[in-house]
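Asker: Attaching a single structure in C-alpha cells format; questions to follow.
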Amino acid sequence: MPHDDERFMRLALDACRVGVAKGQSPFGACIVRDGEVLASTHNHVWLNTDPTAHAEVICIREACHRIKSIHLPGATIYSTTEPCPMCFTAIHWARIDRIVYSARVEDADQFGFNELKVTNQQLKTLGGTGVQLVPDFLRAEALEIYRNWQSRSGQAY
C-alpha cells in the first residue's frame, strides 16, 4: 500500500496550528496505520504543565489507547519537527515503523527551543533500531508555523 505522506503530514501540521491557537508550542503529530488515522494532536506541555507532554508522546498514548495495545507495528508517525530523543525512544518502544518529519532539530533550536543536538539518524544508528526516517517533509510549512508562533508569542520557548 503506497504511503500518502503529504495528506497525513498536513494533518500533523493542522494539529500543530490548532495547538498554537490554543497557546501551545508549535509541535504536532499524527499516527497512521493501514491508511487509518489512529491519533492526531499537538503539544500539551503548557496545558498539562508537563514537560513530557510532547505531541509525539501524546499521539502514541492516544493511538495505543485506541487500539488497546502498547505496540504500533506497521504505523507511521508524522511529526512537524524531528522527534527529540525522548519521543524517538517512545516511537521505538511503540514499535512504529516510520518517522516522517518536517523541521529539523536545528530549526527548533534556532527558534529558542531547548533541543539536544542529537539527530534521529544518530539515535537510529546508536540504538540499532530499524525505524525508517523520512526527513524534511514539507519543512517550509513547519518553519512558517514556527515563525507565526514566535511573532504571536513574542518570545522563544
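The values are calculated or read from the model by the stated rules, or taken from the named source; none is laboratory data. Model, not experiment: these values are computed from the prediction. All Cβ positions, even for glycine, are placed from backbone atoms using ideal geometry, and neighbour counts span all protein chains on display. Heads up: the accessible areas ignore ligands, DNA and RNA and are worked out on the full protein's heavy atoms, side chains in. Shrake-Rupley method; radii C 1.70, N 1.55, O 1.52, S 1.80 Å.
Asker: How much of the accessible area of the range 56-157, in percent, comes from carbon and sulfur atoms when a 1.4 Å probe is used? Can you show the working numbers first?
Answerer: Working: 2700 of 5140 Å².
Answer for the range 56-157: carbon and sulfur cover 53 percent of the accessible area.
Asker: Using alpha-carbon positions, what is the distance between the centroids of the range 67-93 and the range 36-55, in Å?
Answerer: Comparing the Cα centres of the range 67-93 and the range 36-55, I get a distance of 12 Å.
Asker: State in Å² the accessible area per residue of the range 105-157; use a 1.4 Å probe, count heavy atoms of protein chains only, and round to the nearest integer.
Answerer: In whole numbers, the range 105-157 has 60 Å² accessible per residue.
Asker: Given a 1.4 Å probe and the protein chains all in place, what does the accessible area of T52 round to, in Å² to the nearest 10?
Answerer: Here the accessible area works out near 50 Å².
Asker: Just to verify a number: what accessible area does R147 come out at with the full protein assembly present, 1.4 Å probe, Å² rounded to tens?
Answerer: Approximately 110 Å² for this residue.
Asker: In addition: Sort the following peptides by mean Cβ neighbour count (other Cβ atoms within 10 Å, averaged over residues), highest first: 38-48, 21-31.
Answerer: 21-31, 38-48
Asker: Can you give the extra length, in nm with one decimal, that the chain gains between R10 and M86 once fully stretched, where that is 0.36 nm per residue apart less the Cα-Cα distance?
Answerer: 25.0 nm
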